[in-house]
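Below: one structure, written as structure tokens.
We did not get these values from a lab; they are worked out from the coordinates using the rules stated. For clarity, every value in this text was computed on a predicted model and none was experimentally measured. Neighbour counts run over all protein chains shown; Cβ positions are idealised from the backbone, glycine included.
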Amino acid sequence: MASASALDIHVRQVSKSYGAVAVLDRVDLHVQAGEFLTLLGPSGSGKTTLLMVLAGFTRPDSGSILFGSREVIRLAPQKRDLGMVFQNYALFPHMNVAGNIAFPLRLRKVNAADTARRVEAALEMVQLGGYGARGIHELSGGQRQRVALARALVFEPRIILMDEPLSALDKQLRELMQLELRRLHEKLGTTTIYVTHDQREALTMSDRIAVINKGTLAQLDTPRNIYARPNNRFVAEFIGESAFLNVTVSGGVCRYRDTVIQTGAAAPRDGRCQLMIRPEQVQIIGGAPSDGMNRFSGRIVSRVFQGDTLRIEIDLGGGDAITLRVPASAAGLGSVPADGGPITLGLSVADTTLLPDAR
Amino acid sequence: MDASTASPPLGDDHAAALRKDRLIERWLMLSLAAPALLLVAVCLLVPIAWLFYLSFYTDAGAATLINYQRLVEQPSYARIFWTTFKVSILTTGICAVLGYPLAYFMSQLSQRAANLCMILVLLPFWTSLLVRTYAWLVLLQRTGLVNSWGMQLGLWSEPLPLVNNLTGTLIGMVHIMLPFIVLPLYGSMRTIDRTLVQAAANLGASPVQSFWRVFLPLSLPGLTAGALVVFILCLGFYVTPEVLGGGRVIMVSSRIATDIDTFLNWGSASALGAVLLLSTLILLGIASRLTKGLSVTGVGH
């Protein structure tokens, strides 16, 4: 999807600390040209700081940042030629919509006729054609968001940064805008870095996700791999819901208590490991033996109706628990035994994922 | 009531009672403002009306326009009004030029440091205006501290005429008025979202450009509010021009005082006051019209 002019970004060993607190700890990150990359992490993880370092508003302590082949770590923000969408949009209240969008063009000495044409084209692109004369205070939250986007795109920057741009919108509008941003990105092919703490948003929009935790990069991969094959327990817990069982590996064979667990990938080194179980990956199976399934037996502790699914807690004994999700259809609901009753669950070998023990 | 027949009869009596509650609440609220309103009425509106009345009558009690006629005919009065407006405009301008950078500096500090600065700005209010004015007289006179130090350091050889003239008046007035413009300016600058300046930089504006195109326009409401306060206070100022002007800077208020003290001419003094009030109101009207026009073109940008 990369357009010819898209730039890649190399972040190398970037550190930033405030006093004794290291907000960014030697971060390495390579963003490919034309990629939509999301920085995902809990609040305080350093994801916004990293974005501010890229934008030039925060001066890092050390490291190197390349846009294409150009070193920018000491470059002033106004010389970086980045489009940025701020969390609160940061639209200029003393200018109307057209004035806001024309602002970067005026600074670049684009002539009046071209400016008017490009402003209108940018408004069309975000589906706000004809809104140029409106004042900022007349717009709804969603419209402001679109104006902020148009302003960030109008001067055709080769890199776009977005700092939780949808967090102020309500759920429905947010989901609509997610798809729209994605569509725009596919059309323009500009390298985009997007910050969010919303895992579903990250999974929906990104080509790749960089999970940030405590100022370091926890994992960088595609949404599918991040979800299915997390590197460590932090990533597994932060994205999606999961239960963990302590297992041991010896001689290449993995065991939970005394039961042998078959794994899709080769078993890791001998020692203690954790087995990750996602609620939607386990299913209720009868007593009959089934191929390609790891089996777990326990008792139902509780069930909660959540609209589309039924969430069931299962106690495996010894303090271990698994959560199971069953679709809230007649067949699905009918398959669940009564509370306190015994139940046998199956996890397909292909979905069986082991994580290193340490967090 | 048609509605009561259509809907169940429940609650109509409550509606009346609730309406009454609302009314009582509103009057209670209003009664909080009553003492202040009364004070303004008695101490401001009544005397002003009395003033207007006096200006149209002679001491003997006959209706006359002589007081206003004199204002027009004698050139000294035109000169006094000219001096009053000149001193006020100059003071306001100098205050704006000195106060803006100070307010900007304070707005960029942390809340703690800014509060400390604010205390320093307000420090002069802790001493009386008269004391501060006489202090300037001591400092600025021919043998005062400023002149003797300046000459000892070899900055100038003859004593500079720093007091008993326009310069002295302006120094004193700017000193007294500065906090009045810094306060509203600082307030409006604090409310400017810092991400707006960041956004301007991100879109390619140099610090100078983002100041002129984003920060300054957004701080204009504070600047006009502060400038108006200073300007209006200056128009009626008496002590400082009297002490530091040395009789050479005669403003309307000084003339009113001499009219009453020396000549016991209430009619003439009242006419002066009335004209000053009117011309101030007219000027304010023009100023608000102009700033409104400014903000409209600002939006059109």
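For the reader, a short list of remarks on this structure follows.
- Remark: mean inter-chain Cβ contacts per residue of A:147-156 equal 1, using a 10 Å Cβ-Cβ cutoff to other protein chain atoms.
- Legend: calculated FRET efficiency, A:Asp270 to A:Ala321, from the Cβ-Cβ distance at R0 = 25 Å, rounded to 0.05, equals 0.40.
- P(r) of chain A over all Cα-Cα pairs, binned every 20 Å from zero, in whole percent: 26, 46, 25, 4
- Distances between placed amide hydrogens fall under 5 Å for A:Gln87 paired with A:Asp163, all partners being 5 or more residues away or on another chain.
- Taking θ as phi - 60° and the Karplus parameters 6.51, -1.76 and 1.60, the scalar couplings of segment A:332-348 work out to x, 5, x, 7, 8, x, 5, 4, x, x, x, 8, 10, 10, x, 10, 5 Hz in sequence order, x denoting glycine and proline.
- In a reduced charge model with +1 at each Lys and Arg Cβ and -1 at each Asp and Glu Cβ, the protein assembly as shown shows a dipole moment near 1360 debye about its Cα centre.
- Considering only B:Leu277, B:Gly187, B:Tyr238, and ranking their Cα positions along the charge dipole of segment B:74-300 that arises from unit charges at the beta-carbon of Lys, Arg, Asp and Glu, the one farthest toward the positive end is B:Gly187.
- Cβ-based net charge around A:Arg278, under 10 Å, with every Lys or Arg adding one and every Asp or Glu removing one: -2
- When only the Cβ of Lys, Arg, Asp and Glu is charged (+1, +1, -1, -1), the dipole of segment A:97-248 relative to its Cα centre reaches about 400 debye.
- Computed over the protein assembly as shown, the range of Cα coordinates on each principal axis works out to 123, 86, 53 Å, biggest value leading.
- Scanning residues 5 or more positions from A:Leu7 or on other chains, those with amide H under 5 Å from its amide H are A:Gly34, A:Thr191, with H placed 1.01 Å from N in the peptide plane.
- The trypsin sites (Lys or Arg not before Pro) found in segment B:199-301 that occupy coil by DSSP, while having at most 14 further C-beta atoms within 10 Å, are B:Arg248.
- C-alpha long axis of helix A:141-153 to longest principal axis of chain A, angle in °: 70
- Residues B:Cys234, B:Cys117, ranked from the fewest to the most other C-beta atoms within 10 Å, line up as B:Cys117, B:Cys234.
- Across all Cα pairs in segment B:76-165, the calculated P(r) in 10 Å bins from zero up to the longest distance comes to 14, 24, 36, 23, 4, 0 percent per bin.
- Note on chain B: dipole from Cβ charges, positive end direction compared against B:Leu196, B:Asn265, B:Ala16; the farthest Cα belongs to B:Leu196.
- Considering only A:Phe305, A:Ser329, A:Ala122, the residue lying farthest towards the positive end of the dipole of chain A is A:Ala122, judged by Cα position with unit charges set on Cβ.
- Percent of alpha-carbon pairs separated by more than 21 Å within segment A:241-356: 36
- Under Karplus coefficients 6.51, -1.76 and 1.60, residue-wise ³J(HN,Hα) of segment A:294-310 in Hz, glycine/proline x: 8, 10, 9, 10, x, 10, 6, 9, 7, 9, 10, 7, 10, x, 7, 9, 10
- Against the rule of thumb 2.2 N^0.38 Å, how large the Cα Rg of segment A:221-288 comes out: 1.20
- Peptide A:76-86 has a mean of 5 when you count, residue by residue, the C-beta atoms of other protein chains within 10 Å of its C-beta.
- Segment A:102-107 - phi-based ³J(HN,Hα) in whole Hz, Karplus 6.51/-1.76/1.60, Gly and Pro as x: 6, 3, x, 6, 4, 5
- Using only side-chain charges placed at the Cβ, +1 for Lys and Arg and -1 for Asp and Glu, the dipole size of segment A:88-130 relative to its Cα centre rounds to 200 debye.
- Mean partner shielding of peptide A:94-100, defined as the number of other chain Cβ atoms within 10 Å of each residue Cβ, is 4.
- Sequence-distant residues sharing a close amide H with A:Thr58 (under 5 Å, placed H): A:Val53
- The GNM of chain B, with springs linking C-alpha atoms under 10 angstrom apart, assigns the highest mean-square fluctuation among B:Ala17, B:Ala36, B:Ala103 to B:Ala17.
- Restricting the calculation to Cα atoms, chain B yields a radius of gyration followed by a Dmax of 26.6, 98 Å.
- Alpha-carbon centroids, segment B:148-218 and segment A:71-136: separation in whole Å: 31
- Of interest is the spacing of the C-alpha centroids, which for segment A:287-359 and segment B:104-124 amounts to 62 Å.
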